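S.K.: Dropping the structure in here first, questions after.
The values are calculated or read from the model by the stated rules, or taken from the named source; none is laboratory data. Everything quoted here is computed from the prediction, not taken from an experiment. Every residue, glycine as well, gets a Cβ built from its backbone with ideal geometry; the counts of neighbours run over all protein chains shown.
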Amino acid sequence: MFVALFSTGFTRGYCNITLIGCDVTYYNSINYDILQKMMADTHGMKVLELATGSGSVVRFLAEDNNYTGSDISVSLLRQAKRKIERADFKDSKFYVTSTENSLFEKNSFQVCLCILAINFLNDLNQLALELSQILQPRGVFYCCVPVP
């Protein structure tokens, strides 16, 4: 098993990137535990999840956050919406959009997540540009990356 955690300055010092790498075999138990610990103090914040999938965020994000999910799959967003509503998130929104063509305004979010999906993106430079726009100053990007 390989686990790498690091945070570094990103895009003119306006936000931080945190990457978590873990052997996919251990993903369910290890990565959710790591994310839960890392996000334990994330409360009452505006959180965007890129490539939301079926709603795994309910395992590690407190429900008092203002959550926005985005994905290109309508069916996965429906699943995520059901899970998040069942988990009693106070405020949640869902958008069908790609990470490269987001709809979000400048400085819209304090936290951005991308869990096991960054490897599917075509243009990481465009993602970095998008993050520098949509994250507020001192915003944080948490990314969980599968490592073979």
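S.K.: For the stretch 122-134, give me each residue that is crowded, with 16+ Cβ neighbours inside 10 Å and more than 12 Å from the chain's Cα centre (by Cα).
M.R.: Within the stretch 122-134, Leu127, Glu130, Ser132, Ile134 meet the criteria.
S.K.: If I filter the stretch 85-110 down to residues being in contact with a helix residue (DSSP H, G or I) (Cβ under 7 Å, 6 or more places away or on another chain) and among the aliphatic types (A, V, I, L, M), which single residue comes out as nearest to Gly69 (Cα to Cα)?
M.R.: Out of the qualifying residues, it is Val96.
S.K.: Related question: I'd like the residue in the stretch 94-117 that is in contact (Cβ under 8 Å) with a residue 60 or more places away in the chain and of a type outside the set (Gly, Ala, Ser) and, out of all such residues, is farthest from Val47 (Cα to Cα).
M.R.: Going through the qualifying residues, I end up with Leu116.
S.K.: Taking the stretch 30-60, which residues are among the hydrophobic types (A, V, I, L, M, F, W, C) and over 23 Å from Lys106 (Cβ atoms)?
M.R.: Correct list: Ile30, Ile34, Leu35, Met38, Met39, Ala40, Val57, Val58, Phe60.
S.K.: What strands (runs of 3 or more DSSP E) lie completely within the stretch 1-118 and have 2 or more residues being modelled with pLDDT under 75, exposed (fewer than 15 other Cβ atoms within 10 Å of the Cβ) and more than 14 Å from the chain's Cα centre (by Cα)?
M.R.: The strands (runs of 3 or more DSSP E) meeting that bar are 4-10.
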